[in-house]
1. Compute the accessible area per residue over region 1-115, keeping the other protein chains in place, probe 1.4 Å, unit Å².
2. Taking 0.36 nm per residue of sequence separation and subtracting the Cα-Cα distance, how much length would be gained by fully extending the chain between Ser104 and Glu46, in nm to one decimal?
3. Using 0.36 nm per residue of separation minus the Cα-Cα distance, give me the extension gain between Ser7 and Thr120 in nm, one decimal.
4. Which value, in Å² rounded to 10, gives the accessible area of Ser17 with a 1.4 Å probe and all protein chains present?
5. Before anything else, pin down the relative contact order of region 1-47: Cα pairs under 8 Å, at least 6 apart, normalised by residue count, whole percent.
6. Remind me, relative contact order of region 16-89 in percent, using alpha carbon pairs under 8 angstrom and six or more residues apart?
7. What is the distance, in nm, between label points placed 7 Å from the Cα along the Cα-to-Cβ direction at Ser62 and at Phe29?
8. In 5 Å bins starting at zero, report the fraction of Cα pairs in region 1-62 per bin as a rounded %.
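The values are calculated or read from the model by the stated rules, or taken from the named source; none is laboratory data. Bear in mind the structure is a predicted one, so any value in this text is a computation, not a measurement. Every residue, glycine among them, receives a Cβ derived from its backbone with ideal geometry; neighbour counts consider all protein chains shown. These accessible areas exclude ligands, DNA and RNA; they are computed on the full protein's heavy atoms, side chains included. Shrake-Rupley method; radii C 1.70, N 1.55, O 1.52, S 1.80 Å.
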Amino acid sequence: QVQLVESGGDLVQAGGSLRLSCAASGSTFSIVTMGWYRQAPGKQREFVAAITTGGSTKYTDSVKGRFTISRDNAKNTVYLRMNSLKPEDTAVYYCNADMSAYYSPTYGSRAYWGQGTQVTVSS
């Protein structure tokens, strides 16, 4: 029902910046939260950032002060500006859309995922 396409992943040096984009299509009227998760090789997928249609945001501690999530509701697009990148940020970044707010107990029950975009940070 919802399709998500990420773009913007690249190979960058430590300290550099990237902006990831995720465009949603399909039943976008039902989306409440859009966000980003990442998965490094051999590790569990982890939450990075999320934003609701109302503008509330949440970040994982390791990216606070470095990453900024934003949205353009008219374009059904969410962005992740990543500054001061570290090698530890290397991962496949996945766009996520959910039918509930991230602070709702039903968050995660109806979710959609993009195909992922690779971010590699060299030292």
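1. Accessible area per residue, region 1-115: 52 Å².
2. This chain segment gains 19.1 nm when fully extended.
3. Stretched fully, the Ser7-Thr120 segment lengthens by 39.3 nm.
4. Solvent-accessible area, nearest 10 Å²: 60 Å².
5. This gives 33 percent for region 1-47.
6. 38
7. In this crude spin-label approximation the distance works out to 3.9 nm.
8. 4, 13, 19, 26, 22, 10, 5, 1
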